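Have a look at the structure below before the remarks.
The values are calculated or read from the model by the stated rules, or taken from the named source; none is laboratory data. A quick note: this is a predicted structure, and the numbers were derived from the prediction, not measured. A quick note on method: Cβ atoms are made from the backbone with ideal geometry, for glycine too, and the neighbour counts reach across all protein chains shown.
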Amino acid sequence: MGAAPSKQLLSGGLFGLYVGVNLSNLLLAAASQRQQTKYINSTAVALSEVIKGITSVMSIAATEKNLKTAAAVVLQTLLKDPVELAKVAIPATLYTIQNNVIYAALSHLDAVTFQITYQLKIVASLISTRLLLGGRVSRARWASIVLLTAGVILVQLSMLNGSDAQDSSEWSKNHLVGLLGVLLACGCSGLAGAVMEALLKSKEVPISKRNLQVAAVSLLLQAVHIVTNDFSKIAADGFFQGYTPVVWSMVVLDSVGGLLVSFLLKYTTSALKNFGAPIGIIANCLVSRYVNAKAERKPVNRKFVAGTSLVLLALGMYTTSS
């Protein structure tokens, strides 16, 4: 009888941490995009993976309680087990794409619109989990997907109605770029989450080792991206150009959030982490109305309110149904 309450306590604690970190990180990321001195998005993603890797190594060292043994375990994890390393290549690639696209999307969308549209990741998660893990999907969850999609469409239509006539063409172009970025991030998030859940539950590999493998592969991929796309910018103004306390806080929280996701997937399901979305949406709506200058360009209208309500209703249906 003691095991069930302990598991519920663990799940609740992980969930609470994830909600807090996810909300804080999103607000920081949106704020960082409004800085006068811009940082390079790809460097932030790379630093986040470095922190994840260091944290994973520290976790292994704490478990082994011997530096020599811990070093051997790290080498074994990264260099002497190519099969297991290859297994994480797919989710690592998807997470790398997702993280880069999210930063790009936030530069074209406000935090509220991004958060609402990003809930389409549940559609990708549901389909991916159904195909990869063979889970049964109830009618209530399929109905919630329909409501979710309708809500997101209404929110997007409200954005179009809220743009000014003078710069409507430029605004619509930027909004479309942001929307396409969110859709790509949703697809990557859903598929990567399903693959990682399958990996974490199919074999008894410690989470610290899996996180280290994912961080290593992701960092390698991100290094290639930096060299091919942003090397000239870094050579001109440095790797840490535009880094402020806000950016550093965002990077740290992003890495913490990534590690928390793996624990949620290990000890619960990929659906639980989506339950924090309603809290994030409501909080973002309240905060963004006061701290986001772009809010003046996007007055709250009936379509936005109706769309947000449908998204919240859909999330409630999805997370409370089996």
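Couple of notes before you dig in:
- Filter result for LEU79 (over 17 Å from GLY193 (Cα atoms) and at pLDDT below 90): yes
- Long-range neighbours under 7 Å by Cβ, at least six apart or interchain, first residue in contact (Cβ under 8 Å) with a residue 24 or more places away in the chain within region 135-156, second of a type in the set (D, E, K, R) and assigned to a helix (DSSP H, G or I): LEU154/LYS303
- Counted as qualifying within region 41-127 are the helices (runs of 4 or more DSSP H) with 2 or more residues that are within 15 Å of the chain's Cα centre (by Cα) and among the aliphatic types (A, V, I, L, M), namely 41-64, 89-106, 111-117.
- Within region 120-135, being under 13 Å from TYR318 (Cα atoms) and among the basic types (Lys, Arg) holds for one residue alone: LYS121.
- Condition check for TYR290 on (1) of a type outside the set (Asp, Glu); (2) in a helix (DSSP H, G or I); (3) more than 23 Å from HIS108 (Cβ to Cβ); (4) at pLDDT below 60: one failure, at (3).
- Criterion applied to SER255, SER232, SER249, SER202 was being in contact with a helix residue (DSSP H, G or I) (Cβ under 6 Å, 6 or more places away or on another chain) and either surrounded by fewer than 21 Cβ atoms within 10 Å (Cβ to Cβ) or under 24 Å from LEU132 (Cβ atoms) (or both), and the one residue passing it is SER249.
Here's the yes/no breakdown for (1) within 21 Å of ALA31 (Cβ to Cβ); (2) assigned to a helix (DSSP H, G or I); (3) in contact with a Ser or Thr (Cβ under 8 Å, 6 or more places away or on another chain):
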| site | (1), (2), (3) |
| --- | --- |
| THR228 | no, yes, no |
| SER232 | no, yes, no |
| ALA236 | no, yes, no |
| TYR243 | yes, no, no |
| VAL247 | yes, yes, yes |
| LEU253 | yes, yes, yes |
| GLY258 | yes, yes, yes |
| PHE263 | no, yes, no |
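- Flag if LEU27 is of a type outside the set (Gly, Ala, Ser), modelled with pLDDT under 85 and under 20 Å from ASN99 (Cα atoms): yes
- Any pair with Cβ under 7 angstrom, 6 or more apart, that starts in region 35-60 at a residue that is farther than 30 Å from VAL73 by Cα and ends at one that is of a type in the set (Val, Ile, Thr) and part of a helix (DSSP H, G or I): TYR39/VAL247; ILE40/ILE234
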